[in-house]
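Participant: Following this message is one structure expressed as structure tokens.
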Amino acid sequence: MTPRFRDLLALEPLSAEELSFLLDQSKPFQVIQRHPLKKLATLRGKTVALAFFENSTRTRISFSAAASRLGADSMNLQAESSSVKKGESLLDTVHTLDAMKPDCLVMRHAASGAADFVARNLDIPVINAGDGTHEHPTQGLLDALTIRDRKGTIENLNVTILGDIQHSRVARSNIHLLAKFGCRITLCGPAMWVPKELEHIGPPGTSIRRASRIEDALDGADVIIVLRVQTERLHEPALPVDDYILLYQLHAARLRLAKKDAIVLHPGPMNRGVEISPEVADGPQSCVLEQVTNGIAVRMAILYQLIGAAAAEEGAQTAADSAHSSDEKAR
Amino acid sequence: MLLIKNGRVLDPARQTDAALDLLLDGDKIAEIAPAGKISAPKNAELFDASGLIVAPGFIDLHAHLREPGQESSETIETGTRSAARGGFTAVCCMPNTRPVNDNASVTRFILDRAKSAAGVRVWPIGAASISSKGEAIAEIAAMKEAGIVAVSDDGKPIATAKLTRQVMDYCRSLDLPVIEHSEDVSLAAGAVMREGVTSTRLGLPGMPAAAESVCVARDVQLAELTGARLHVAHLSAKASLDQVRWAKSRGLRVTCEVTPHHFTLIDEDVQYDSRYKMNPPLASREDREALLAGLADGAVDVIATDHAPHEPALKDVEFDRAPFGILGFETALALSLEQLVHSGRLSLMRMVELFTTGPARVLGLDRKLAPGQPADLTIFSLTHPWTYNVNDSPSKSRNSPFDGRAFTGAPMATIVAGRIIYRRN
Amino acid sequence: MPIVEKAQLMSAAEIDRTLRRLAHEIVEKSGGTGNLALIGIRRRGVPLAQRIAKAMNAIDNVEVPVGILDITLYRDDLSKVAPQAVLQSSEIPFTVDDKDLVLVDDVLYTGRTIRAGINGLFDLGRPSRIRLCVLIDRGHREMPVEAQYIGRSVQTSDSEIIEVRLREIDNDERVVLVDRVAE
């Protein structure tokens, strides 16, 4: 039996088998990104609601392109112009969206657990496009897909994550996914951003350690994930940016401490010259553009799985209903 | 007259545990005697307490009745009906109403409303500072004359060490306990749960245990400085309890309470469900063990509910935005039996003490079962099986994480001033 | 409903002979193999296309490229595919522009699979011609689709199922007619 997904709220609860399935299912969509004609009719007549209560041009466009390439329509809720600003509750807002009968809701929200909360209150599939400082599951998947393409596997790699781990939903999704495949994860950043609790967020037996010196963190790394230093959102506590650059910027000399064939990922948008130097960002080890392309493939796969499963459920329900009514006629 | 027959009577004040009958006359206890020895008048009403425990009336030191001001979440009427179902004969209500109970007219309003309500005694707690803003001392003496039993700025701590010291000095002279919501607000700023692996996993801002214990340490020092009676509300952390133990070892007049949810649940139970959001937040596994030990060995004086109703619309939001607090009255005894008595951690006598003589002592009351004492009794079963359905509650709110939980043991009757105000069918 | 085997339609030897005949027919009618390519439809069209290409090689000594087409994303019944369908990639290692394509599948039934296959091919480019080759044509068309190369035509009822078993996939090699019988 192949896995079925009702929602995609987080990677933490998914098994290695389920995660592998989603990565495998993204492959056909990667191929389609290379077709001259990228548009399918698979989800024709379906509507994807995109509710971004927090600004994110990239992720929203990526989901929008994924929906469009599957033949689905999308409706956009713009946080800036929406009733959210007028004090409407989240539940009222999503109920209103739901009344427009979309087949799926993609949402981003500043509150951790917001997608989980909405999913409990809606019948349609909910895809978490980032909730507060909790998870960003499609980013975790697209990173894994990128790593698998470049390294041939996502198993037993040395993965180093640099930056504000405590406030990063990307890091949490990366950790939960990669740890399930036996990767040894090293977290590195200013101590206030890398609390000791992070070493214990995986299931028993997962290898997560902290390193305070970037040199130690990079030694032997196969994969380096550089997190964005948020300039629009406050890190708590804030740190002078010059200190950050001095201690934690990934530049060419430091990259040489990692394995020769190490790859560099960044969820974007990059602050060149802050968390990553331009030469590393544009160098042969950088995967940032592949990540963007893979983002569409992963999101196509997720939309296909979730909307397909919901349609199948509905189909089964309709079949059961009609069987039931014919029984009654027979009586 | 009401004759309560065939019960097992427990009185922590005298360490009585015996088969006794009680005769209530008007609002007082008239007679206590071995089973079958009381010859009651013919017209006396009879309550057969066979198989049940008869205890002094339970007192809840810590509740929010929301009236005046937030009547969509609770009123004195609905709150006390819920309290009666929980076996409570008296409820101390916190002053963080709208307006704040920081003057005698609000105190009198509350007492007036309570008279026409469910029959549970309502004992208001007055604000320590005006509007609980932590700037100037409230009219505590006038409120005392109107009927408050303690002062607190609950919902938050008394803002500064200096004001706390002044309130303590003043309350010592008025012989009122100061109840402190112990929290260092800067350490707790923005936090929605206890800091730990779970908060890190969920990406929710957490407050460390020290957010509470730092404030307890401050207050204990000030209690020593002033000689005041300090009662630490809803204590949740081992480090805080250590401070209280230290204070007690020095003979300071420091007491503390623990809520049923803090000795039942831990931070690992939080899953973005706002029914698990309260302040202080659910603590660590080790803290819970320390609280259970303190309840057993006497370091903890009181079990209090911190009954904090919030109407569904307020709680049905993102975890971040939901207000702190959960319902408490109707599950307090059942959770205590489950976690403390049935588990073998505490004797039944000790548990009853935490609900009766414990809180009475904090308030400076002498509570015992004796002729001439108020006829307030809580009668409960150790074995009655039931399932808590929050939709059956007379409370206006539904914010309980214990909805649907199956229990063994329940309040069977609540008697206040000689009158049965609640009886379980 | 239990399923019973009613008849064997082809043995292993008959399948082999039929594929060789089909290879001959395609080569004959194509006016040269220079531009020819075979597209096997997942799953059983794939080994069939590979075997036909091998047979062509034996005839004319030409290498006819074989592509693999997964039509799941082009089907018109999303609600029926999701539970069991595991998506696989199409693998077409050549450009289809101006190619003379032959789609290969095991059984031609309603014609919907072929419709989906043609759609899928057009997303890849603009072939000069598309023809269809099937091992079995069992009738009951719901689309205006016909095969140019047919191994065998079989009259069937709606309840019957044609099972093509190939050693590459099924560890067996024959074509059988099975039926669902009411209990």
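Participant: Quick check on this structure: which one of A:ILE296, A:ILE302, A:ILE307 is assigned to a helix (DSSP H, G or I), within 19 Å of the chain's Cα centre (by Cα) and at pLDDT below 95?
Facilitator: Details: A:ILE296 fails: at pLDDT below 95; A:ILE302 fails: at pLDDT below 95.
Every option except A:ILE307 fails the conditions.
Matching residues to (1) in contact with a helix residue (DSSP H, G or I) (Cβ under 6 Å, 6 or more places away or on another chain); (2) of a type in the set (S, T, N, Q); (3) away from chain A (no Cβ under 11 Å):
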position: C:ALA58; (1), (2), (3): no, no, yes
position: C:ASP70; (1), (2), (3): no, no, no
position: C:TYR74; (1), (2), (3): yes, no, no
position: C:VAL86; (1), (2), (3): no, no, no
position: C:VAL96; (1), (2), (3): yes, no, no
position: C:GLY111; (1), (2), (3): no, no, yes
position: C:LEU121; (1), (2), (3): no, no, no
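Participant: Now for a different question. Considering only segment C:1-36, state which residues are at pLDDT 90 or above, acidic (Asp, Glu) and over 17 Å from C:PRO47 (Cβ atoms).
Facilitator: Scanning segment C:1-36 gives C:GLU25, C:GLU28.
Participant: What's the number of the only condition in (1) at pLDDT below 95; (2) closer than 30 Å to A:ARG148 by Cβ that A:GLU275 fails to meet?
Facilitator: (1)
Participant: Can you tell me which residue is farthest from A:HIS134 (Cα to Cα) among those in segment B:296-326 that are part of a loop (DSSP other than H, G, I, E, B) and of a type in the set (D, E, K, R)?
Facilitator: Going through segment B:296-326, the residues part of a loop (DSSP other than H, G, I, E, B) turn out to be B:298-301, B:304-306, B:308-311, B:316-325.
In the following step, the residues that additionally are of a type in the set (D, E, K, R) were identified as B:301, B:306, B:311, B:316, B:318, B:320-321.
Working: B:ASP301: 39, B:ASP306: 30, B:GLU311: 27, B:ASP316: 20, B:GLU318: 13, B:ASP320: 12, B:ARG321: 16 Å.
Across segment B:296-326, the extreme among qualifying residues is B:ASP301.
Participant: Of the conditions (1) within 13 Å of chain A (Cβ to nearest Cβ); (2) in a helix (DSSP H, G or I); (3) of a type outside the set (Asp, Glu), B:ALA293 clears all except one; give me its number.
Facilitator: Failed condition: (1).
Participant: Then there's this: Determine which member of the set A:ILE147, A:ILE201 is within 14 Å of chain B (Cβ to nearest Cβ), open to solvent by less than 10 Å² (accessible area, probe 1.4 Å) and among the β-branched types (Val, Ile, Thr).
Facilitator: On inspection, the qualifying residue turns out to be A:ILE201.
Participant: Any chance segment C:47-59 includes a residue that's within 19 Å of the chain's Cα centre (by Cα), closer than 30 Å to A:LYS46 by Cβ and open to solvent by less than 50 Å² (accessible area, probe 1.4 Å)?
Facilitator: no
Participant: If I go through segment A:112-130 residue by residue, how many of them are open to solvent by 10 Å² or more (accessible area, probe 1.4 Å) and part of a strand (DSSP E or B)?
Facilitator: 0
Participant: Something else now. Determine the pairs where a residue that is among the basic types (Lys, Arg), located within segment B:212-237, has a partner that is part of a helix (DSSP H, G or I) with Cβ atoms under 8 Å apart, the partner being 6 or more residues away or on another chain.
Facilitator: B:ARG218/B:ALA161; B:ARG218/B:THR164; B:ARG229/B:CYS171; B:ARG229/B:ARG172; B:ARG229/B:ALA223; B:ARG229/B:VAL362
Participant: Something else about it: Return the total of residues in segment B:158-212 being assigned to a helix (DSSP H, G or I), open to solvent by less than 60 Å² (accessible area, probe 1.4 Å) and of a type in the set (Lys, Arg).
Facilitator: Total satisfying the criteria: 1.
Participant: Out of segment B:84-102, which residues are over 14 Å from B:ALA150 (Cβ atoms) and either of a type in the set (A, V, I, L, M) or surrounded by fewer than 20 Cβ atoms within 10 Å (Cβ to Cβ) (or both)?
Facilitator: Correct list: B:ALA84, B:ARG98, B:PRO99, B:VAL100.
Participant: Could I ask something else about it? Restricting attention to segment A:20-64, which residues are closer than 17 Å to A:VAL292 by Cα, touching a helix residue (DSSP H, G or I) at 6+ places or on another chain (Cβ under 6 Å) and in a loop (DSSP other than H, G, I, E, B)?
Facilitator: A:GLN33, A:HIS35, A:LYS38
Participant: Please state which one of A:LEU257, A:LEU246, A:LEU239 is assigned to a helix (DSSP H, G or I) and open to solvent by 20 Å² or more (accessible area, probe 1.4 Å).
Facilitator: A:LEU246
A quick yes/no check of all residues on (1) part of a strand (DSSP E or B); (2) closer than 25 Å to B:GLY358 by Cα:
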position: B:ILE59; (1), (2): yes, yes
position: B:HIS62; (1), (2): yes, yes
position: B:SER72; (1), (2): no, no
position: B:ALA84; (1), (2): no, yes
position: B:PRO99; (1), (2): no, no
position: B:THR107; (1), (2): no, yes
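Participant: Still on this structure: Among B:SER50, B:SER105, which is surrounded by fewer than 24 Cβ atoms within 10 Å (Cβ to Cβ), at pLDDT 95 or above and outside the structural domain of B:HIS234 (by TED's automatic domain parsing)? Please lay out each step first, then the result.
Facilitator: Values: B:SER105 fails: outside the structural domain of B:HIS234 (by TED's automatic domain parsing).
Checking each option against the conditions leaves just B:SER50.
Participant: Separate question: Filter segment A:1-32 for residues that are farther than 28 Å from A:ALA110 by Cβ, surrounded by 17 or more Cβ atoms within 10 Å (Cβ to Cβ) and polar (S, T, N, Q) and give the result.
Facilitator: Answer for segment A:1-32, where residues must be farther than 28 Å from A:ALA110 by Cβ, surrounded by 17 or more Cβ atoms within 10 Å (Cβ to Cβ) and polar (S, T, N, Q): A:SER20, A:GLN25, A:GLN30.
Participant: Just name the residue that is nearest to the other protein chains (Cβ to nearest Cβ) out of those in segment A:1-56 that are of a type in the set (Gly, Ala, Ser) and touching a Leu at 6+ places or on another chain (Cβ under 7 Å).
Facilitator: Among those residues, the one meeting the criterion is A:SER26.
Participant: Inside segment A:33-63, can you point out the residues that are over 19 Å from the mean Cα position of the chain (by Cα) and open to solvent by less than 10 Å² (accessible area, probe 1.4 Å)?
Facilitator: Result: A:LEU40, A:LEU43.
Participant: Which one of these does A:THR133 not meet: (1) more than 13 Å from chain B (Cβ to nearest Cβ); (2) free of Cβ contacts under 8 Å to residues at least 40 places away in the same chain; (3) among the hydroxyl-bearing types (Ser, Thr, Tyr); (4) outside any helix (DSSP H, G or I)?
Facilitator: Every condition holds for A:THR133 apart from (1).
Participant: Does A:ARG108 meet the test of being touching a Gly at 6+ places or on another chain (Cβ under 7 Å) and either crowded, with 24+ Cβ neighbours inside 10 Å or within 13 Å of chain B (Cβ to nearest Cβ) (or both)?
Facilitator: So A:ARG108 fits the description; yes.
Participant: Can I ask one more? Report, by residue number, each residue of segment B:145-157 that is in contact with a strand residue (DSSP E or B) (Cβ under 7 Å, 6 or more places away or on another chain), of a type outside the set (Gly, Ala, Ser) and not in a loop (DSSP other than H, G, I, E, B).
Facilitator: Residue satisfying the conditions is B:VAL151 alone.
Participant: Condition check: hydroxyl-bearing (Ser, Thr, Tyr), farther than 30 Å from B:GLN70 by Cα and within 20 Å of the chain's Cα centre (by Cα). Does B:SER347 satisfy that?
Facilitator: Working: hydroxyl-bearing (Ser, Thr, Tyr): yes; farther than 30 Å from B:GLN70 by Cα: yes; within 20 Å of the chain's Cα centre (by Cα): yes.
The answer is yes for B:SER347.
The values are calculated or read from the model by the stated rules, or taken from the named source; none is laboratory data. Nothing here was measured: the structure is a model prediction, and the numbers come from that model. Cβ: placed from backbone, ideal geometry, glycine included. Neighbour counts: every protein chain shown. Side chains are part of the model used for accessible areas, which takes the heavy atoms of the whole protein and leaves out ligands, DNA and RNA. Shrake-Rupley method; radii C 1.70, N 1.55, O 1.52, S 1.80 Å.
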